[in-house]
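*Asks:* Below is one structure. I have some questions about it.
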Amino acid sequence: MQTEKAVKQGEPMAQVQEKVLSRTIKEITPFGVRIELNLEGRVSGEMYTAQHTETVSLFQKTDGTFESEAKAIEVTKEGDVLVISYRGTGKQTGLTTLWGESEGIIMTQTKRLEELNGSRIRTEVTAEYATGDVQVKYYAP
């Protein structure tokens with residue numbers, strides 16, 4: 001795949017800087033809490049830069065680990081639209097911090113970025129609950 005060749009081994013192909021806009025508690029159980037997060041920010045990488053909008057469904061377990069499912073839409077200033085869907089796991093790393101990883105897929109119909117259509121990605125996420133700051137790094141698998 002061309003995308004993998006364009007990225008140095010171990011280097012992120014893109015990075016997202018985003019902020020949590022809202023949190024909704026969806027469910028409370030004896031095993032944990034399901035929370036929905038809405039986020040906005042910017043993604044930038046060698047292939048494109050875009051506005052990033054994302055919704056994350058997070059199941060925070062009582063042992064400090066979590067499962068997540070996320071969906072994102074990215075729109076470049078040229079009008080290219082990419083949609084990304086991913087699932088992952090993670091854990092609390094401090095009182096208000098967490099780290100996670102996931103695997104996902106990028107979908108787009110734009111000609112300019114057609115080599116990304118159907119691309120699998122691996123992500124790493126770091127987040128600070130207290131400030132709402134989130135950083136996501138996209139890697140070729």
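The values are calculated or read from the model by the stated rules, or taken from the named source; none is laboratory data. Just so it is clear, the model here is predicted, and its values are computed rather than measured. Cβ: placed from backbone, ideal geometry, glycine included. Neighbour counts: every protein chain shown. All accessible areas refer to the heavy atoms of the entire protein, side chains included, with ligands and DNA or RNA removed. Shrake-Rupley method; radii C 1.70, N 1.55, O 1.52, S 1.80 Å.
*Asks:* In whole Hz, with x marking every Gly and Pro, tabulate ³J(HN,Hα) for the stretch 11-25 from phi via Karplus 6.51 cos²θ - 1.76 cosθ + 1.60, θ = phi - 60°.
*Replies:* 8, x, 7, 6, 10, 10, 10, 9, 10, 6, 8, 8, 10, 10, 7
*Asks:* Something else about it: Pick from 107, 13, 47 the residue whose mean-square fluctuation is largest in a GNM of the chain, springs joining Cα atoms under 10 Å.
*Replies:* Top of the fluctuation ranking is 47.
*Asks:* If you don't mind, there's one more thing I want to ask. What residues qualify as long-range amide H neighbours of residue 13, i.e. H under 5 Å apart, gap of 5 or more or another chain, H built at 1.01 Å from N?
*Replies:* Close amide H contacts, sequence-distant or interchain: 138, 139, 140.
*Asks:* Once the other residues with Cβ under 12 Å from the Cβ of residue 80 are scored (Lys, Arg +1; Asp, Glu -1), what is the net sum? Can you show the working numbers first?
*Replies:* Details: positive: 77, 111, 112; negative: 74, 78, 114.
Net charge in that neighbourhood comes out at 0.
*Asks:* Also: Please build a GNM for the chain, connecting alpha carbons under 10 Å apart, and tell me which residue among 79, 118, 88 fluctuates the most.
*Replies:* Comparing 79, 118, 88 in the GNM, the peak value goes to 79.
*Asks:* Picking from 119, 132, 97, whose Cα lies most toward the positive end of the charge dipole for the stretch 96-141 (charges on Cβ: Lys, Arg +1; Asp, Glu -1)?
*Replies:* Selected residue: 119.
*Asks:* Charges only on Cβ, +1 for Lys and Arg, -1 for Asp and Glu: so what's the dipole of the stretch 33-110 about the Cα centre, in debye to the nearest 20?
*Replies:* Details: 7 positive and 12 negative charges, 44 e Å.
Charge dipole, the stretch 33-110, about its Cα centre: 220 debye, nearest 20.
*Asks:* If I build a Gaussian network model for the chain, linking alpha-carbon pairs within less than 10 angstrom, which residue out of 109, 17, 60 has the largest mean-square fluctuation?
*Replies:* Result: 109 has the largest fluctuation of those listed.
*Asks:* Ignoring any ligand, DNA or RNA, what whole percent of the accessible area of the chain comes from carbon and sulfur when the probe is 1.4 angstrom?
*Replies:* Numbers: 4220 of 8210 Å².
Answer for the chain is 51 percent, counting heavy atoms of protein chains only.
*Asks:* Ordered by residue, what ³J(HN,Hα) values in Hz, to whole numbers, does the stretch 91-99 give under the Karplus form 6.51 cos²θ - 1.76 cosθ + 1.60, where θ = phi - 60° and Gly and Pro are x?
*Replies:* Those phi angles translate into 7, 6, 10, x, 4, 10, 10, 9, 9 Hz.
*Asks:* Let me ask something else about it. To the nearest 20 debye, what is the magnitude of the charge dipole of the chain about its Cα centre, counting +1 on the Cβ of each Lys and Arg and -1 on the Cβ of each Asp and Glu? Kindly include the intermediate steps, with their values, before the conclusion.
*Replies:* Working: 17 positive and 21 negative charges, 14 e Å.
Taking the Cα centre of the chain as origin, the dipole is about 60 debye.
*Asks:* Right, another one. Count charges around residue 26 for me, please; just the other residues with Cβ under 9 Å from its Cβ, Lys/Arg as +1, Asp/Glu as -1.
*Replies:* So the surrounding residues net to -1.
*Asks:* Let me ask another. Provide the per residue accessible area, probe 1.4 Å, for the chain, rounded to a whole number of square angstrom.
*Replies:* About 58 Å² of surface per residue is accessible.
*Asks:* Grab the other residues whose beta carbon is less than 14 angstrom from that of residue 109, score K and R as +1, D and E as -1, and report the net. Write out the running numbers ahead of the final one.
*Replies:* Details: positive: 111, 112; negative: 74, 78, 80, 114, 115.
With Lys, Arg at +1 and Asp, Glu at -1, the net is -3.
*Asks:* Could you calculate, for the chain, the ratio of the Cα radius of gyration to the Kirkwood radius, expressed as Rg to Rh? Numbers along the way, then the final one.
*Replies:* Values: Rg = 15.2 Å, Rh = 15.5 Å.
Ratio value, two decimals: 0.98.
*Asks:* Still on this structure, I have one more. Within the P(r) computed for the stretch 58-97, what percentage of the Cα pairs occupies the region above 14 Å?
*Replies:* Numbers: 459 of 780 pairs.
When every Cα pair of the stretch 58-97 is considered, 59 percent fall beyond 14 Å.
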